[in-house]
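Notes to accompany the following structure.
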Amino acid sequence: MGFSGKQAWKHGIRIAAGCLMGSSFGSAIRAVANNRWGVATFQNSTVKYEGNIGLWQFCGGFNGTAKTCQWTKDMDLPQAHKAAIAMSMIGLILMVIAFVCLMITWCTVYAKKSGPLARYSIISIAAVSLLAVVCFLLAMAIFGTFFETWQKFHDYGPGTKKFLLTDGFYAIMVAGINGLIATIFVRVSAQSLLASEDQLPMIHVIPGNGQAPAYVAPATSVYPTQQYNTGYSGEKQPGTY
């Protein structure tokens with residue numbers, strides 16, 4: 001049995017929401033695990049320095065030698081760095097919860113055709129996803145503030161200097177953007193469920209006199225059963241419009 005255009009649109013929204021939410025927490029995992037959120041390079045006639053920092057590690061080296069790394073928890077870094085870690089981890093956990101709950105809702109609630117339960121479940125999932133997006137955006141803002149402070153510790157005098165936000169920072173940005181779009185799609189999906197509940201069921205009537213088929217609303221009755229005669233008798237049939 002084929003899908004109508006409206007049904008295909010609804011299924012497309014749900015699939016897009018799931019894919020974007022999965023992409024969001026995948027990007028968040030990459031960001032959290034990456035030790036290159038910011039890169040600092042400095043060079044003059046005698047010194048060449050390269051260093052990079054992420055949430056968990058700082059690595060740096062002089063004059064092309066192998067970089068040495070240390071855990072950021074063992075360094076005396078500003079509290080903004082710890083706050084960026086906290087926001088990133090909270091956002092990641094919330095996005096994973098939202099994604100898992102969305103998959104469970106698809107496999108159970110939708111399968112049982114429970115409109116109200118599906119709608120309220122999806123609205124809750126959208127709220128959790130939105131909180132995750134807020135955490136990702138806060139992590140970006142806080143780390144950006146920290147990075148400006150971190151630059152001061154890598155100024156070795158006159159020379160060529162470069163300070164760049166890089167892989168991990170942009171991965172958390174992608175996580176936030178995809179998560180925001182996924183949240184919108186999830187909310188639209190819940191709204192479409194609400195709209196479908198407000199629509200009356202329609203009966204497909206095929207007249208017996210060769211007239212074009214039509215959809216009509218079923219007649220309401222206090223009786224438990226009611227039969228309809230779709231043949232044409234010259235009079236208006238009861239229960240039709």
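Nothing in this text is a laboratory measurement; each read-out follows from the coordinates by a stated rule. Model, not experiment: these values are computed from the prediction. Counting neighbours? That spans all protein chains shown, and the Cβs are built from the backbone with ideal geometry, glycine included.
Odds and ends about this structure:
- Taking label positions 7 Å along the Cα-Cβ direction at both Ile29 and Ala8, the computed distance is 3.3 nm, reported to one decimal.
- From phi via Karplus (6.51, -1.76, 1.60), per-residue ³J(HN,Hα) for the stretch 64-69 in Hz, x at Gly/Pro: x, 6, 4, 6, 9, 10
- For the listed peptides 41-52, 58-69, a ranking on the average number of other beta carbons within 10 Å per residue, highest first, reads 41-52, 58-69.
- Between Ala86 and Thr160, the C-beta separation translates, for a Förster distance of 51 Å, into a calculated FRET efficiency of about 0.90.
- 3J(HN,Hα) along the stretch 168-173: x, 4, 6, 5, 5, 5 Hz, from the Karplus curve 6.51 cos²θ - 1.76 cosθ + 1.60 with θ = phi - 60°, whole Hz, x for Gly and Pro.
- Karplus-based coupling profile of the stretch 103-108, in residue order and whole Hz: 5, 5, 4, 4, 7, 10, with θ = phi - 60° in 6.51 cos²θ - 1.76 cosθ + 1.60 and x standing for Gly or Pro.
- Pairwise FRET efficiency - Ala16 versus Thr149, Cβ, R0 = 45 Å, nearest 0.05: 0.70
- Rounded if a/c under 1.5, otherwise prolate or oblate - the stretch 5-197, Cα gyration tensor axes: prolate
- The order of the peptides 73-81, 99-107 by mean Cβ neighbours within 10 Å, most packed first, is 99-107, 73-81.
- Fully extended contour minus Cα-Cα distance, from Cys59 to Leu77, at 0.36 nm per residue: 5.1 nm
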